[in-house]
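Student: I'd like to ask you about the structure that follows.
The values are calculated or read from the model by the stated rules, or taken from the named source; none is laboratory data. Since we're looking at a predicted model, the values are computed, not measured. Reconstructed Cβ throughout: ideal geometry from the backbone, glycine too, with neighbour counts over all protein chains shown. Quick note on the areas: whole protein, heavy atoms, side chains included, nothing else; ligands and nucleic acids left out. Shrake-Rupley method; radii C 1.70, N 1.55, O 1.52, S 1.80 Å.
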Amino acid sequence: MIFSKAGFGGAVADFEAAAVAQDAKRSGKAFVRLQETFGQAKEADLLDGGPRLAAVLEQVPPGPRAVVAVLVGACVERGADAERCAPGVRAGLRVALEAAAAFAGAWAATGGGAFPVPDDGEPGEEIVERTGFDAAVGWWTLPQWEMAAVALLNHRAVRAGAGGERDELLRLLTAVEQASGRQFRSLGHALRVLDDEPLVALHRTSGTGYALRFFGIGDNFQLHTLLADALIGGGHVEGHAPSPHEAAVCRETPGQVDTVGSFDLTAPDGGRLWNEGAPADIPVVDGVRLLVLDEPSYRRSWPAGRFFPGMRGDVILERALEPQETERWFAHVSPAKELTG
C-alpha cells in the first residue's frame with residue numbers, strides 16, 4: 001500500500017481512517033507504523049495526532065486500544081491538548097476497569113488462586129477460557145491504561161473536567177485492587193488529587209491555626225514539605241524549615257533533594273496520617289479538611305519532590321486564624337494517639 005504521508009502524521013491519518021472504516025487489515029498495518037514512527041515524530045504531528053487518536057479509541061479493538069491510549073498519553077506529555085484527549089482516554093479507562101472487575105469476579109467463580117501477572121503478550125487460552133476474552137484483556141491492559149490516564153490527570157483542567165466521574169473510576173479501581181491484591185498506586189493517587197481545596201492546619205504546640213488552600217499534591221510527603229515551607233519557612237511557627245530548593249522541587253522544579261520531616265501529621269481523632277498517604281485522607285470537619293501538626297516524634301528523612309513529576313502543585317497560606325476561630329477548631333481535636341506495634 002502507498003501511504004499519502006510518511007512518518008507519525010501519516011500513520012495517524014491512516015490509522016484514523018482505518019478505525020472509522022473498521023478496516024482491520026489496514027488498521028493493523030497503521031498500528032505498527034504508529035509505534036515505529038512515534039520516537040521520531042515532529043512536534044506538529046504530536047500536537048495534532050494525540051487528539052485524533054483519542055477521538056477514535058472507542059472504535060479500536062480492546063487490546064490495541066490500550067497501546068493507542070499510551071501513545072495518546074505520550075503525545076500529551078510532549079504538548080498535545082490534554083483536555084481534547086481526555087474524554088476518549090477516560091471512557092477507555094472506565095471500560096478497562098469494568099472489564100478487570102468482571103475478570104476478578106470470573107476468576108473467583110472459577111476456582112480463584114493467585115491472579116496472573118500481565119506480560120507483554122496477550123492472555124493465554126486457559127485464562128481466556130476461565131474469564132472470557134474481554135474480561136481477560138481488561139485485566140491484561142490495565143497497567144497501560146494507568147500510564148495513559150496518569151499522563152492526562154497531570155493536568156488540572158483534565159481533573160476538573162472529570163468531575164464526579166473520578167469517584168466512579170476510583171470505586172472500580174478499589175474493587176479491582178481488593179479482589180486482585182495488586183495496587184495501581186499511581187492511578188489511585190491521581191484520581192484522588194484535590195484542587196483548590198481548603199485546609200485548616202492547627203499547630204498543637206503553639207496553639208495557633210491557619211487557613212490554607214492547596215492543589216496538585218500527589219502525596220503527603222509533598223504536602224508535608226510545602227506546609228513546613230509555608231508555616232515554618234514563613235515564620236509563623238517554630239521548627240525545621242525546608243530549604244528553598246526542597247520546596248521548589250515540590251512545586252514545579254524538576255528533580256528531588258533530601259529533606260527532613262518537620263511535623264507529625266495527625267487527624268482530628270488523634271490518629272496518625274502517614275506521609276505515604278494522600279491529602280484526600282485528611283478528614284473533613286464542618287466542610288473543611290482539618291489537620292493537626294504535632295512535633296515530630298522521630299527524625300525522618302526522604303527525597304523531597306513530586307509523586308507526579310509532571311504535575312504542578314502548591315500549598316497557599318491564606319491567613320492566620322483569629323484566636324477564637326482557632327479555639328473553635330481545636331474543640332474538634334483529640335490528643336495524639338500513641339503508636340503501637
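For every residue, the table says whether it meets (1) at pLDDT 95 or above; (2) under 24 Å from Glu58 (Cα atoms); (3) among the small types (Gly, Ala, Ser); (4) under 26 Å from the mean Cα position of the chain (by Cα).
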position	(1), (2), (3), (4)
Arg94	yes, yes, no, yes
Phe103	yes, yes, no, yes
Ala109	no, no, yes, no
Glu126	no, no, no, no
Arg130	no, no, no, no
Thr141	yes, yes, no, yes
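Student: Only one of Gly138, Gly124 is free of Cβ contacts under 8 Å to residues at least 40 places away in the same chain and open to solvent by less than 40 Å² (accessible area, probe 1.4 Å); which?
Tutor: On the way: Gly138 fails: free of Cβ contacts under 8 Å to residues at least 40 places away in the same chain.
The match here is Gly124.
Student: Among the candidates Ala54, Ala66, single out the residue that is buried (at least 19 other Cβ atoms within 10 Å of the Cβ), under 14 Å from Val95 (Cα atoms) and among the hydrophobic types (A, V, I, L, M, F, W, C).
Tutor: Values: Ala54 fails: under 14 Å from Val95 (Cα atoms).
Sole residue among the options that is buried (at least 19 other Cβ atoms within 10 Å of the Cβ), under 14 Å from Val95 (Cα atoms) and among the hydrophobic types (A, V, I, L, M, F, W, C): Ala66.
Student: May I pose another question? List, please: which pairs have Cβ atoms under 6 Å, are six or more places apart or on different chains, and start with a residue in the range 292-306 that is under 30 Å from Thr326 (Cβ atoms) and end with one that is at pLDDT below 95?
Tutor: Close Cβ pairs satisfying both conditions: Asp294/Ala336.
Student: Another question about this same structure. Which condition does Asp119 not pass, out of (1) touching a residue at least 40 places away in the same chain (Cβ under 8 Å); (2) open to solvent by 40 Å² or more (accessible area, probe 1.4 Å); (3) within 17 Å of Val70 (Cβ to Cβ), if it passes all the others?
Tutor: All conditions are met except number (1).
Student: Turning to a different aspect of this structure: Quick one: which residue in Glu252, Glu165, Glu246, Glu238 is farther than 19 Å from Trp274 by Cβ and over 24 Å from the mean Cα position of the chain (by Cα)? Outline the logic, then answer.
Tutor: Values: Glu252 fails: over 24 Å from the mean Cα position of the chain (by Cα); Glu165 fails: over 24 Å from the mean Cα position of the chain (by Cα); Glu246 fails: over 24 Å from the mean Cα position of the chain (by Cα).
The match here is Glu238.
Student: With Ala44, Ala18 as the choices, which residue is in contact (Cβ under 8 Å) with a residue 12 or more places away in the chain, part of a helix (DSSP H, G or I), out of contact with any strand residue (DSSP E or B) (no Cβ under 9 Å at 6 or more places or on another chain) and open to solvent by less than 60 Å² (accessible area, probe 1.4 Å)? Working first, answer last.
Tutor: Details: Ala44 fails: open to solvent by less than 60 Å² (accessible area, probe 1.4 Å).
Result of the check over Ala44, Ala18: Ala18.
Student: Answer yes if at least one residue in the range 145-158 is in contact with a His (Cβ under 9 Å, 6 or more places away or on another chain), more than 23 Å from Gln22 (Cα to Cα), open to solvent by 10 Å² or more (accessible area, probe 1.4 Å) and of a type in the set (A, V, I, L, M, F, W, C), and no otherwise. Reasoning before the result, please.
Tutor: Start the filter on the range 145-158 by keeping residues that are in contact with a His (Cβ under 9 Å, 6 or more places away or on another chain), which leaves 150.
The next check asks that each one be more than 23 Å from Gln22 (Cα to Cα); those that pass are 150.
With open to solvent by 10 Å² or more (accessible area, probe 1.4 Å) added as a condition, the list becomes 150.
Now restrict to residues that are of a type in the set (A, V, I, L, M, F, W, C): 150.
Checked against the condition, which is being in contact with a His (Cβ under 9 Å, 6 or more places away or on another chain), more than 23 Å from Gln22 (Cα to Cα), open to solvent by 10 Å² or more (accessible area, probe 1.4 Å) and of a type in the set (A, V, I, L, M, F, W, C), the range 145-158 yields at least one hit.
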